[in-house]
Amino acid sequence: METITIKDIAKLCGVGVSTVSRAMNNHPDINEETKQKIMEVIKDYHYVPNNSARNLKRADAKAIAVLIKGITNPFFSKMIKIFEQEIQEKKYTFVLQHVDDHQDEVDVAIRLEKEKRLNGIVFLGGHFSHSREKLEQIPVPFVLSTIGLRDQSGSEKYSSVYVDDVKESAKMVSYLIEQGHRKIAIIASGEDDESIGRLRLEGYRRALEEHGIEYDESYVARMKDDVDSYSMENGYAVTKELLESGKDFTAIFAISDSIAIGCCKAIFDAGKSVPENYSVAGFDGLEMAAYYHPSVTTIKQPVEEMAEATIKMLFDVILNGAREQQRVFDGELIEGKSVKRIV
């Protein structure tokens, strides 16, 4: 009898070759009944995968993965486009992998590296507070982009590109204070956040302290867990509750522009105006913030420069054996029409 192939198995089971492959690799994205049927046929026909051919193909493949947490955040869109272009120009395959909020991005990276035989990884966004031991399980070079292991022991061993979220948030809150605002609410991330949300809240607190304003926890409104993080929808829902609470404030610092736009919408729907009744400031420098009415005062991150630095850093390690680097970019405060100066 001739050697049976994976195509023969697929034909016997009435499925596609990719379905047979998923069954053999114990992939979760396959019906259990179908999987059992395929595995029984494989056993009955003594099918042996041609591992040598498959491994040869993987060895020849060159791939870079971008793992993104917070795919609904439009801030990442331009970065992903630059990543894809730069990676493909270097003749590598571009792999984009979404990481859910509840998933551990390092675990996802380790699994993906085994499946795709990756040459490098970019971590984009997310709650990055992993231990050194955990990070050392990643077998290929990687860069943390828009995130960094701030103040962690051994952080200099890992490449990272980011803005100083504490400093830049403090800059924005100081600006609001200089415009006469003393009662400033903040839309922050959840209490368990160990990434940029925590850092931007820290910047808020630092600015208040530097200007002699007492920190009041009741001015901290946190994002909803059951709504996409850093989204307009979340900003709307939180601001609506904040307004209905009757809390006395004159300005809101939203930790992303998407949240800020949601804030504005909630204020308008409550029959109020921006900035006449409430001033709103954001963070990120999204294009839509400039075209929104009123245009949103924000901290602009240098998206293109950060994306290009990320890829250059990664390929310096992959191709040239360079040491890990850390690069911190400055943000720029862009004055829009959403903040009013008060006496």
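The values are calculated or read from the model by the stated rules, or taken from the named source; none is laboratory data. Given the structure is predicted, the values throughout are model-derived calculations rather than measurements. Cβ sites come from the backbone with ideal geometry, for glycine too, and all protein chains shown count toward neighbours. Surface accessibility is based on the protein's heavy atoms, side chains included, excluding ligands, DNA and RNA. Shrake-Rupley method; radii C 1.70, N 1.55, O 1.52, S 1.80 Å.
Scanning region 47-68 for residues that are of a type in the set (Lys, Arg) and either in contact with a Pro (Cβ under 8 Å, 6 or more places away or on another chain) or modelled with pLDDT of 80 or more (or both) gives a single hit, 62. Inside region 275-289, residues that are open to solvent by 10 Å² or more (accessible area, probe 1.4 Å) and not in a helix (DSSP H, G or I) make up a count of 6. Against the definition (over 15 Å from residue 185 (Cβ atoms), part of a helix (DSSP H, G or I) and either open to solvent by less than 70 Å² (accessible area, probe 1.4 Å) or not assigned by the TED database to the domain that holds residue 213 (or both)), how does residue 324 come out, yes or no? For residue 324, the condition - over 15 Å from residue 185 (Cβ atoms), part of a helix (DSSP H, G or I) and either open to solvent by less than 70 Å² (accessible area, probe 1.4 Å) or not assigned by the TED database to the domain that holds residue 213 (or both) - is not met.
One residue is enough: does region 254-273 have a residue meeting the conditions at pLDDT 95 or above, under 30 Å from residue 136 (Cβ atoms) and open to solvent by 60 Å² or more (accessible area, probe 1.4 Å)? Taking every residue of region 254-273 in turn, none turns out to be at pLDDT 95 or above, under 30 Å from residue 136 (Cβ atoms) and open to solvent by 60 Å² or more (accessible area, probe 1.4 Å). Taken across region 199-219, residues that are crowded, with 23+ Cβ neighbours inside 10 Å, part of a loop (DSSP other than H, G, I, E, B) and aromatic (Phe, Trp, Tyr) do not occur at all. Among the residues in region 185-198, are any open to solvent by 60 Å² or more (accessible area, probe 1.4 Å) and modelled with pLDDT of 95 or more? No, there is no match, as no residue in region 185-198 is open to solvent by 60 Å² or more (accessible area, probe 1.4 Å) and modelled with pLDDT of 95 or more. Among the residues of region 237-291, the ones that are in contact (Cβ under 8 Å) with a residue 12 or more places away in the chain and polar (S, T, N, Q) come to 5 in all.
Applying a threshold of 8 Å to beta carbon distances and a minimum spacing of six or more residues, or different chains, the list of pairs starting in region 73-87 at a residue that is in a loop (DSSP other than H, G, I, E, B) and ending at one that is of a type in the set (Phe, Trp, Tyr) and open to solvent by 20 Å² or more (accessible area, probe 1.4 Å) reads 73/230.
Among residues of region 221-235 that are without any contact (Cβ under 8 Å) to a residue 60 or more places away in the chain, those with a Cβ under 6 angstrom from a residue that is open to solvent by 30 Å² or more (accessible area, probe 1.4 Å) and among the charged types (D, E, K, R), sequence gap 6+ or separate chain, pair up as 227/233; 234/224. For region 285-321, a residue qualifies if it is aromatic (Phe, Trp, Tyr) and outside the structural domain of residue 251 (by the TED database), and exactly one does: 315. Scan region 300-343 for residues that are closer than 30 Å to residue 65 by Cα and out of contact with any strand residue (DSSP E or B) (no Cβ under 6 Å at 6 or more places or on another chain) and the total you get is 17.
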